Amino acid sequence: MFLNLDDKDFADGTKTAYLCAFRVQENYRRQGIGTALIEKAVKELADRGFTGVTIGVDETEELNIKLYRRLGFNTKIKDCNVDPCAMNKDMEPDSCDIFWLLYKDISGVENLDKVTLNIMTRELCHELYKNWENDDSIYMDMSLFKPYNYREEAVDRYYDSKQEPSRRLFAVMLGDRPIGEVQLKQIDQDKKECTLSIHMQNDAVKGKGYGTQAERLAIQYAFEELGMIAVNADTVVKNVRSQHILDKLGFEFIKEEGDFKYYRLEK
C-alpha cells in the first residue's frame, strides 16, 4: 500500500491510496485469497481515514479486470505507461506497458463491513417481512403493484416454497438484523452455473451499498463454495438501479427480451 506518491492520481497522502503488486502463487489461485487480501487492505485504509483506493491493471488481463470490477474498482482514472512504484536503476519511475488506473470509493466501508449473509431461517424470514415494503421499480405493469401487508401464514408458505436443493436462500444481515434477501437459484451442478436475485427490505436500506455488498458475498459463495463457473442475473427493463449494480459487479449484458434484461458473470 502506498499512501502518498508524486502522481497524486495514484495516492495523495490524505484521501486516496494506491494498492500495488498483489501476487498469489498459481496453485493457490481461484480460492478467494486475492479477494481476501484486497478486502483486508481496503479495510485497513478505511480505518486510517482514506476514502478512495486506486489499483493498476494491464488492459489485457481480463480475469483481473473482472475481479477488480467485482470488488468495486469501477472508475477508470486514466491510461498509464509509468508505474510510480517501479523504479529503474537511477531510482526513477520506470516506463512499462500501458495499464489502467482504477478507482474505488471506500467512504462507506465501515458500515459495509457489517453486512453478512446468513442462511435464511423461518424466524429470520418473519423478522424480515414484518418491515417489508414492495418495490414498484420491479413492476412493469403498475396495475399489478400492491402495498405489502405482513401475514404470518403467507410468510410461512413463502419460506417453505424456497426449500429445495437447487436454491440457496440467504438473509442479508446488517449487524444482527435482516435487511434483505439474496437467492442463488436454478443451481445446475452439471453446467456449474446458477442465477442470482436480491430484494432489499425497504427504502431505508437502499442506496447505501448494502445490496451491492450482499451480491458480492453471494457471488463469492457461488464461486468458492458451490464451485460455480458462471452466475446469471436478470432485471426488469425499468429497474435501472439494479442494472447499474450488475454492471458495477462485472456482469456482462447478454440480451433484452420482453420486459427483462439478462446478464452473466463468469469466474
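The values are calculated or read from the model by the stated rules, or taken from the named source; none is laboratory data. Keep in mind it's a predicted model, so treat the numbers as computed, not measured. Every residue, glycine among them, receives a Cβ derived from its backbone with ideal geometry; neighbour counts consider all protein chains shown. We work out accessible area using only protein heavy atoms, side chains counted, and drop any ligands, DNA or RNA first. Shrake-Rupley method; radii C 1.70, N 1.55, O 1.52, S 1.80 Å.
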(request) Run the dipole for region 1-59 about the Cα centre, Lys and Arg Cβ at +1, Asp and Glu Cβ at -1, nothing else charged, and hand back the magnitude in debye, nearest 20. (result) 320
(message) Using each residue's phi in region 51-67, evaluate 6.51 cos²θ - 1.76 cosθ + 1.60 at θ = phi - 60° and report the 3J(HN,Hα) Karplus result to the nearest Hz, with x for Gly and Pro.
(response) 10, x, 9, 10, 8, x, 8, 4, 5, 9, 8, 4, 5, 5, 4, 4, 4
(request) Using a/c under 1.5 as the rounded threshold, could you call region 69-201 rounded, prolate or oblate? The axes a ≥ b ≥ c are square roots of the C-alpha gyration tensor eigenvalues, and prolate needs a/b larger than b/c, oblate otherwise. (result) prolate
(request) Excluding residues on the same chain fewer than 8 positions from Lys89, give the aspartates and glutamates whose Cα lies under 19 Å from its Cα. (result) Asp6, Asp97
(request) Choose one answer from Tyr18, Tyr158, Tyr28: the residue with the largest mean-square fluctuation in a GNM of the chain with alpha-carbon springs under 10 Å. (result) Tyr28
(request) Report the local net charge at Lys255: Lys and Arg +1, Asp and Glu -1, summed over other residues whose C-beta lies under 11 Å from its C-beta. (result) -2
(request) Might you tell me the accessible area per residue for region 18-162, computed with a 1.4 Å probe and given in Å²? (result) 62
(request) Distance between Cα centroids, region 27-86 to region 180-248: provide it in whole Å. (result) 21
(request) Could you pull the accessible area for Leu37 with a 1.4 Å probe, rounded to 10 Å²? (result) 80
(request) For region 1-111, just say rounded, prolate or oblate: build the C-alpha gyration tensor, square-root its eigenvalues into a ≥ b ≥ c, call rounded for a/c under 1.5, and beyond that prolate if a/b exceeds b/c, oblate if not. (result) oblate
(message) Checking the a/c ratio against 1.5 first, then a/b against b/c, what shape does the Cα gyration tensor give for region 150-234?
(response) oblate
(message) Going through the cross-link list Lys15/Lys238; Lys185/Lys267; Lys66/Lys191; Lys162/Lys191; Lys40/Lys162; Lys114/Lys191, which pairs have a Cα-Cα distance over 27 Å in this structure?
(response) Lys15/Lys238; Lys40/Lys162; Lys114/Lys191
(message) Running a GNM on the chain with Cα contacts under 10 Å, which residue among Ala11, Ala222, Ala204 ends up with the highest mean-square fluctuation?
(response) Ala204
(request) Determine the dipole magnitude for the chain: charges of +1 sit on the beta-carbon of Lys and Arg, -1 on that of Asp and Glu, nothing else is charged, the reference point is the Cα centre, and the result goes in debye to the nearest 20. (result) 520
(message) If you take Cα Rg over 2.2 N^0.38 Å from the coordinates, which of (1) 1.55; (2) 1.12; (3) 0.94 do you get?
(response) (2)
(message) If I stretch the segment between Lys192 and Glu59 completely, what's the gain in nm (0.36 nm per residue apart, minus their alpha carbon distance), one decimal?
(response) 45.1 nm
(message) At 1.4 Å probe size, with the rest of the protein present, what percent of the exposed accessible area of the chain is carbon and sulfur atoms?
(response) 46
(message) Would you work out the Kirkwood radius for region 124-267? I mean one over the mean of 1/r across all pairs of different Cα atoms, in Å.
(response) 16.0
(request) Over region 183-267, average the accessible area per residue using a 1.4 Å probe and give it in Å², no decimals. (result) 48
(request) Just add up the charged neighbours of Lys66: K/R +1, D/E -1, any other residue whose Cβ is under 10 Å from the Cβ of Lys66. (result) -1
(message) Output wanted: per-residue J couplings in Hz (rounded whole) for region 182-187, from phi through Karplus 6.51 cos²θ - 1.76 cosθ + 1.60, θ = phi - 60°, x for Gly and Pro.
(response) 10, 10, 10, 10, 6, 5
(request) Give the residue from Ile198, Ile229, Gly209 lying farthest towards the positive end of the charge dipole for region 189-267; charges sit on Cβ (+1 for Lys and Arg, -1 for Asp and Glu) and the dipole is referred to the Cα centre. (result) Gly209
